[in-house]
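Every number in this text was worked out from the coordinates using simple rules, so none of it is lab data. Just so it is clear, the model here is predicted, and its values are computed rather than measured. Neighbour counts are summed over all protein chains in view; Cβ atoms, including those assigned to glycine, are modelled from backbone coordinates with ideal geometry.
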Amino acid sequence: MASSPIALAPQKPLEDPLAHLPCSSIVEYRKGQMIYNQDQPSTAIYLVIDGKVKVSRLADDGHQVVVDIYQPDEFFGESAFLNLPHRSEQATALENTKLMTWTTAEIEEIVMKRPRLAVALLQILVQRTIDFTHRIESFSVDNIARRLARSLIRFSERLGTPEEDGSIRMVPFTHELLSQYVGTSREIVTHYMNQFRRQGYLRYSRKGIILYRDAFRDWLRQNC
């Protein structure tokens, strides 16, 4: 007797943390300005209102490793909840940026009154854990070209704007930043970016990156 297919429960909509957080004052940072670092660690949770923020860590050898890039309506700085004595995390404004902030004490107080905020923040952290798991898998099985391709595709999904011809426009990420995200040298990233450009998968200049994402995904599938 054939077994009946298992019905999957429909995915529940994610809780919106902004529905449970009061507005705070807005703090502005200039492009390149440090928001927090290991000498002045974060004591708050940040919400990007405008601009983009790079969160990175310093490896034991002193190299900078990009954790992620955050855009409007995204939170960062959650390491403040642990209040660790030594933190190697730092956040930098990639462009002129406006942020809202709440201290961890304020968040804890709000959670006591609005428990759904805790659910919303937990969902964000679980999603980031899944994303980091995918990156770890890529580090384990992909060569540098495939890691770079996956990173560009992910940035295009999160930070890109669709164009009429089906391509995706992104801000002009430097090769240095991409190398810190992928885990290699700037020279190797430049080599593969030039190769991808010659093959027609992307175009880039100081104004931005144009990614032909569907073709790039096909290339990735063929090279896995």
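Given C-alpha coordinates of region 143-222, what is the ratio Rg to Rh with the Kirkwood estimate of Rh?
Radius of gyration relative to Kirkwood radius: 0.92.
Skipping prolines and chain starts, which residues have an amide H placed within reach, meaning under 5 Å, of the one on Val67, given they are 5 or more residues away or on another chain?
HN-HN under 5 Å from Val67: Val55, Ser56, Arg57.
If you filter region 117-208 for trypsin sites (Lys or Arg not before Pro), then keep DSSP loop positions with at most 15 other Cβ within 10 Å, what is left?
Arg206, Lys207
Determine, for each peptide in 19-28, 48-57, the mean count of other beta carbons within 10 angstrom over its residues, then list the peptides with the highest first.
Working: 19-28: 12.7, 48-57: 18.6.
The densest-packed peptide leads the list: 48-57, 19-28.
Quick one: 3J(HN,Hα) in Hz for region 13-28, Karplus 6.51/-1.76/1.60 with θ = phi - 60°, rounded, Gly and Pro as x.
x, 6, 6, 9, x, 5, 6, 10, 9, x, 5, 10, 5, 9, 10, 10
Just to be sure I understand the model, the point goes 7 Å from the Cα along the line to the Cβ. What's the resulting Gln222 to Thr129 distance in nm?
Modelled inter-label distance: 3.8 nm.
So what J values fall out for region 183-196 if you push phi through Karplus, 6.51 cos²θ - 1.76 cosθ + 1.60 with θ = phi - 60°, rounded to Hz, Gly and Pro as x?
x, 8, 8, 4, 4, 5, 4, 4, 4, 6, 5, 5, 5, 4
Amide H to amide H under 5 Å from Asp50: which residues, 5+ apart in sequence or cross-chain, H placed 1.01 Å off N in plane?
Lys98
Can you give me the relative contact order of region 17-135 as a percent, contacts being Cα pairs under 8 Å and 6 or more apart?
The normalised contact order for region 17-135 reaches 37 percent.
Report the relative contact order of the chain, percent, no decimals, based on alpha-carbon pairs under 8 angstrom and at least 6 residues apart. The partial results should precede the final answer.
Values: 319 pairs, mean separation 43.1, N = 224.
This gives 19 percent for the chain.
So what's the gap between the Cα centers of region 22-58 and region 172-195, to the nearest angstrom?
Each part reduced to its Cα centre gives a spacing of 24 Å.
Quick one: how many lysine pairs in region 17-135 have C-alpha atoms under 23 angstrom apart, if they're 8 or more apart or on different chains?
The result is 5.
Quote the Stokes-Einstein diffusion coefficient, in whole µm² s⁻¹, for region 17-135, based on the Kirkwood radius over alpha carbon pairs, a temperature of 10 °C and a viscosity of 1.306 mPa s. Before the final figure, lay out each step's value.
Numbers: Rh = 14.9 Å.
Rounded, D is 107 µm²/s.
Treat each spin label as a single point 7 Å out from the Cα along the C-beta direction, and report the Met34 to Arg203 distance in nm.
Placing both labels 7 Å along Cα→Cβ, they lie 3.9 nm apart.
With contacts defined as alpha carbon pairs under 8 Å and 6 or more residues apart, what's the relative contact order of region 143-222 in percent?
Working: 89 pairs, mean separation 27.2, N = 80.
With pairs under 8 Å counted, the relative contact order is 34 percent.
Provide the descending list of Cα extents for the chain along its principal axes, expressed in whole angstroms.
63, 54, 39
Obtain the radius of gyration and the Kirkwood radius of region 77-166 from its C-alpha atoms and give Rg over Rh. Intermediate values should be presented prior to the final figure.
Details: Rg = 17.4 Å, Rh = 16.6 Å.
Radius of gyration relative to Kirkwood radius: 1.05.
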